[in-house]
């Protein structure tokens, strides 16, 4: 089975200090996503900076600034292969301050892997009312990620280590919570883990029973890739490469990107020809939905296009600038009341733009969509609503029913 047949994307979410980055770094190493020489180099660097236990986490903390402060800042993407899938890990930060990066990462995912810590007091902190375990699970479901795996990590730190009783307590409590959100616990795989020693990642030790993390990943239902729809590719980065020029980077959401194709970047309305398409330094004849690619274009500078723009085939239903749109929003952890005129930052695909709540049309049940109240005067934390929205700058959005990745949005106060 080749690379193209194995393409798959998931995201890892979890509260601070659940060893989430170590958990994701270990299978990347074990499954050939990073070579032994690089791991040994990172081990040496970690020891020199007195962070020896972080060496697997550093597989994901590729930026020097991240390594120095011991946290995962951006939404980093890494890859490895299972027997069934070519897995892309989007390592989303666990810190509340970086929640907008989680939003960007989660909205690209096919499955969420929720990592919770089994250590005494750690699980309780994450699952508490203001804990990030709850917030990230709720966020994943809200953004349309309906497949979930729960990794119960740090089982070696439980009292006693690898306690079956502790594991069952956590499974029961997490199951109860995710059911309230909208997930069906009966379809969610729970996997006990020990991130540092790799227990239950790729193999079972001794007489251990149950599912390994890689087995759980292989049970994910493959997403339907809409190759028959027009091309939509939100830009995540635009790099300036010497001798080449501007290289836009992003994930193909719908359609197919090919060399020679004439594309238009919206809403800036810049049209050009695609010269080449690459993924992981491999030239592609075409990139279907799900592929995160870089592509070279003719006569475009980094000043012409930027993050949040959407590349599309010029003559096939290109997205347009939205002067206003109707959105379903969820209010998370807002300290007060929100009324018409409120102008938070809205994250939709890779765009990050301040938008005004022009009208609060109705309050709804976030799970069923059932209307609860017409024309509410205000919204508060935990509410879901339908609102009319006006962006402060040009941006592209699409109907969720037609193009889900370009129709998911979430708002954060401030920038």
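Residues checked against (1) under 27 Å from residue 251 (Cβ atoms); (2) at pLDDT below 90; (3) touching a helix residue (DSSP H, G or I) at 6+ places or on another chain (Cβ under 9 Å):
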site: 368; (1), (2), (3): no, yes, no
site: 372; (1), (2), (3): no, no, no
site: 379; (1), (2), (3): no, no, no
site: 392; (1), (2), (3): yes, no, no
site: 395; (1), (2), (3): yes, no, no
site: 408; (1), (2), (3): yes, yes, yes
site: 411; (1), (2), (3): yes, yes, no
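Consider the range 304-321 and keep the residues that are modelled with pLDDT of 85 or more, under 12 Å from residue 397 (Cα atoms) and assigned to a loop (DSSP other than H, G, I, E, B). The one that is nearest to the chain's Cα centre (by Cα) is 308. Here 161, 185 are screened, and the one residue that is modelled with pLDDT of 80 or more and over 30 Å from residue 368 (Cβ atoms) is 161.
The single condition among (1) touching a strand residue (DSSP E or B) at 6+ places or on another chain (Cβ under 9 Å); (2) surrounded by fewer than 16 Cβ atoms within 10 Å (Cβ to Cβ); (3) modelled with pLDDT under 90 that residue 200 does not satisfy is (2). Against the numbered list (1) more than 30 Å from residue 289 (Cα to Cα); (2) part of a strand (DSSP E or B), residue 376 comes up short only at (2). Here the range 229-251 is the region considered, the condition is being in contact with a helix residue (DSSP H, G or I) (Cβ under 9 Å, 6 or more places away or on another chain) and at pLDDT 90 or above, and the residue that is surrounded by the fewest Cβ atoms within 10 Å (Cβ to Cβ) is 234.
Selection of the range 369-402 for residues being under 26 Å from residue 231 (Cα atoms) and out of contact with any strand residue (DSSP E or B) (no Cβ under 6 Å at 6 or more places or on another chain) yields 398, 399, 400, 401, 402.
With respect to the conditions (1) assigned to a loop (DSSP other than H, G, I, E, B); (2) surrounded by 15 or more Cβ atoms within 10 Å (Cβ to Cβ), residue 274 falls short on a single one, namely (1). For the range 322-335, a residue qualifies if it is modelled with pLDDT of 90 or more and either within 27 Å of residue 136 (Cα to Cα) or under 25 Å from the mean Cα position of the chain (by Cα) (or both), and the qualifying residues are 322, 325, 326. The criterion of being on the phi > 0 side of the Ramachandran plot, under 24 Å from the mean Cα position of the chain (by Cα), surrounded by fewer than 17 Cβ atoms within 10 Å (Cβ to Cβ) and in contact (Cβ under 8 Å) with a residue 40 or more places away in the chain holds for residue 280. Residues in the range 290-305 that are farther than 20 Å from residue 262 by Cβ and buried (at least 19 other Cβ atoms within 10 Å of the Cβ): 290, 292.
The values are calculated or read from the model by the stated rules, or taken from the named source; none is laboratory data. Not measured: the values here are computed from a predicted model. When we count neighbours, we look across all protein chains shown, and the Cβ atoms used for this are built from the backbone with ideal geometry, even at glycine.
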